[in-house]
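Bear in mind that the values in this text are calculations on the coordinates, not laboratory data. The structure presented is a predicted model; accordingly, all values stated were derived computationally and were not measured. Every residue, glycine among them, receives a Cβ derived from its backbone with ideal geometry; neighbour counts consider all protein chains shown.
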Amino acid sequence: MSRQKLLELLQSLQKKALKAGEFAAKTKESANEVAKSAAGSWSAAGDREHSRAQAVIVEENLNELKRINKEIETFIGKPVPEKIEPVCFMTLIYDNGEEKEFYLVHDPIHLSGFNLISPKSPLGQSLMGKRINEKFEYELEGQKTSGRVTKIA
């Protein structure tokens, strides 16, 4: 079985990182322009501080994307694991019949269209070491949830 799902995630991350890099450069440039005009006005000084803070946030987002990008790249060429471990893709069927797909990574981020989970999360903890067709169960806010693993890739 291939790591196609990880490759799809990596491609999406690379596109998002490219856009974030462009946005970070524009934000930094904008912050520098605002800083030049801030010398004589309290309002302009506030704008400068806001622009600088925005540039820091954008840069942190870019660094997070680069970090997870590297994490995924490390596992693309490795064989598909026989049991769930970071970094892998999995499909689960819950006892209520709902089917969901997840990516288990060390430090997940929010990425539209992808469900990234951590091995430290309740779901991640319940899945660690499980094989295809093995059952899992976890409790969150007093609610028990269970199902089984149908795919690991």
Formal net charge of residues neighbouring Ala17 (Cβ-Cβ distance under 12 Å; K, R +1; D, E -1): +3
Taking only the alpha-carbon positions of the chain as identical scatterers, the Debye log10 I(q)/I(0) at q = 0.13, 0.16 Å⁻¹ comes out as -0.68, -0.86
For region 73-120, which trypsin sites (Lys or Arg not before Pro) pass both filters: DSSP loop (anything but H, G, I, E, B) and at most 13 other C-beta atoms within 10 Å? Lys120
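Given the -39500 (n - 2.57) contribution per DSSP H run of 4+ residues, what per-residue ellipticity at 222 nm results for the chain, rounded to the nearest 500 deg cm²/dmol?
Working: 3 runs with 74 residues, N = 153.
Helix contribution divided over all residues of the chain: -17000 deg cm²/dmol.
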Calculated from backbone phi, Karplus (6.51, -1.76, 1.60) coupling profile of region 85-90 in Hz, x at Gly/Pro: 7, x, 9, 8, 9, 8
So what's the Cα pair-distance distribution over region 88-152, bin width 5 Å, in %? 4, 18, 30, 28, 17, 4
Could you pull out every one of the lysines with an alpha carbon less than 21 Å from that of Lys144, ignoring same-chain neighbours closer than 8 positions? Lys100, Lys120, Lys130, Lys135
Here the FRET efficiency for Lys100 versus Val56, based on Cβ atoms and R0 = 35 Å and rounded to 0.05, is 0.50
Loop only per DSSP, at most 15 neighbouring Cβ atoms within 10 Å: give me the GluC sites (Glu not before Pro) in region 65-112, ordered by residue number. Glu82, Glu98
Tilt relative to the chain, helix 4-36 - C-alpha long axis, 0 to 90 degrees, to 10: 20 degrees
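Near Gly113, within a Cβ-to-Cβ distance under 15 Å, what is the net charge of the other residues, with Lys and Arg +1 and Asp and Glu -1? Working shown, then result.
Working: positive: Lys5, Lys15, Lys16, Lys19, Lys100; negative: Glu8, Glu101.
Value of the local net charge: +3.
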Convert each backbone phi in region 100-113 into a coupling constant with the Karplus relation 6.51 cos²θ - 1.76 cosθ + 1.60 (shift: θ = phi - 60°), then list the ³J(HN,Hα) values in order as whole Hz, x for Gly and Pro. 9, 10, 9, 10, 8, 10, 5, 10, x, 10, 7, 9, 3, x
Taking the chain as the reference, fit the longest principal axis to its C-alpha atoms, fit the long axis of helix 42-76 to the helix C-alpha atoms, and give the angle between the two in degrees, 0 to 90, nearest 10. 30 degrees
